[in-house]
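The values are calculated or read from the model by the stated rules, or taken from the named source; none is laboratory data. The structure displayed is predicted, hence computed values, not measured ones. Reconstructed Cβ throughout: ideal geometry from the backbone, glycine too, with neighbour counts over all protein chains shown.
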Amino acid sequence: MELFSSSLASIATILGAMALVALLESAIPLRARGAWNRAHLGPNLALTFVTFATNALFSAALVLALAWLEPAGIGLLQRLALPPLAHVAVAVLALDFAFYVAHVAMHKLPSFWRFHRVHHSDPAVDVTTTIRQHPGESVIRYLFLAALALPLGVSAGAFAMYRVLVALAGLLEHANVRVPPQLDALLSLVFTWPNLHKVHHSRDARFTDTNYGNLVSWWDRLFATFTPSREGATIAYGLDGLDDPATQRTAGLLALPFH
């Protein structure tokens with residue numbers, strides 16, 4: 001019951017944040033809203049709620065496993081017995097690296113890309129694109145997270161904090177907001193901010209296969225997959241060959257990996 005209440009609270013927080021970011025998009029848009037922004041709203045929200053359901057299930061299973069391992073002192077972080085804040089900081093960065101590896105794999109492995117391209121096929125990127133994901137992608141993400149979180153001994157609380165941070169950061173990364181170039185460049189020295197992530201949604205594979213990071217931009221810099229944020233203001237979104245209206249409907253997107 002406590003996990004269920006926590007999941008509902010997280011979903012409510014994310015929805016509230018989405019609404020606030022949507023208001024910000026209206027106030028300072030990077031690009032004017034067009035036909036695709038109106039057409040993708042229904043499918044994006046439908047996939048968002050599907051993702052809420054699948055993620056709540058997988059998160060609950062992983063949190064229960066971590067909570068069971070924690071008292072037994074299983075895992076590297078448990079053996080190190082770091083102070084709570086240090087444990088959370090190390091855990092969040094480690095999980096963010098696991099996400100980076102998973103994200104690269106979803107681009108490089110054809111069987112994974114079939115699911116991830118549902119997210120990339122959006123011709124108009126805004127806050128509703130954030131959780132436009134296929135359930136199959138959730139399976140891939142959580143397998144990578146579990147493969148690191150369990151042997152590392154991440155606490156259940158640190159994992160829960162990471163999930164909330166990821167969700168909120170994702171809303172900002174996809175937001176159709178205009179950010180002063182100097183501020184965007186400064187923030188992207190550490191974080192993955194709007195224009196930096198917009199590069200990743202380009203139709204041009206040279207850009208699509210860069211800027212995989214979620215919370216921090218360090219992994220892209222370290223592994224030479226970084227493209228400067230200034231490229232993100234003018235790129236064309238989506239994937240060639242997937243603009244057909246039937247493909248962009250909810251049913252079409254759910255069926256896309258199996259075509």
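Quick notes on this one:
- The requirement of being closer than 23 Å to GLY238 by Cα, modelled with pLDDT under 95 and out of contact with any helix residue (DSSP H, G or I) (no Cβ under 8 Å at 6 or more places or on another chain) is satisfied by ASP204.
- Failed item in (1) closer than 30 Å to ASP204 by Cβ; (2) touching a residue at least 24 places away in the same chain (Cβ under 8 Å), with SER111 passing the rest: (2)
- Restricting attention to the stretch 164-184, the residues that are of a type outside the set (Val, Ile, Thr) and in contact (Cβ under 8 Å) with a residue 60 or more places away in the chain total 8.
- Residues of the stretch 117-142 that turn out to be in a helix (DSSP H, G or I), in contact (Cβ under 8 Å) with a residue 24 or more places away in the chain and of a type outside the set (Asp, Glu), as a count: 13
- SER155 being of a type outside the set (Val, Ile, Thr) and more than 15 Å from the chain's Cα centre (by Cα): yes
- Against the conditions (1) in contact with a Pro (Cβ under 7 Å, 6 or more places away or on another chain); (2) of a type in the set (Lys, Arg); (3) exposed (fewer than 13 other Cβ atoms within 10 Å of the Cβ), ARG178 satisfies every one except (3).
- Test for PHE97: is it over 15 Å from GLY170 (Cα atoms), within 15 Å of the chain's Cα centre (by Cα) and not hydroxyl-bearing (Ser, Thr, Tyr): yes
- Listed by first and then second residue, the pairs linking a residue in the stretch 226-238 that is hydroxyl-bearing (Ser, Thr, Tyr) to a residue that is surrounded by fewer than 19 Cβ atoms within 10 Å (Cβ to Cβ) and assigned to a loop (DSSP other than H, G, I, E, B), with Cβ atoms under 9 Å apart and 6 or more places separating them unless they lie on different chains, are TYR237/ARG203.
- LEU69 falls short on exactly one of the conditions (1) crowded, with 20+ Cβ neighbours inside 10 Å; (2) over 30 Å from ALA35 (Cβ atoms), and that condition is (1).
- For the stretch 204-251, the set of residues classified as more than 19 Å from the chain's Cα centre (by Cα), within 25 Å of VAL190 (Cβ to Cβ) and among the hydroxyl-bearing types (Ser, Thr, Tyr) consists of THR234 only.
- Only a single criterion out of (1) surrounded by fewer than 13 Cβ atoms within 10 Å (Cβ to Cβ); (2) at pLDDT 95 or above is not satisfied by VAL104, namely (1).
- No other residue among THR192, THR227, THR210 is surrounded by 18 or more Cβ atoms within 10 Å (Cβ to Cβ), polar (S, T, N, Q) and at pLDDT 95 or above apart from THR210.
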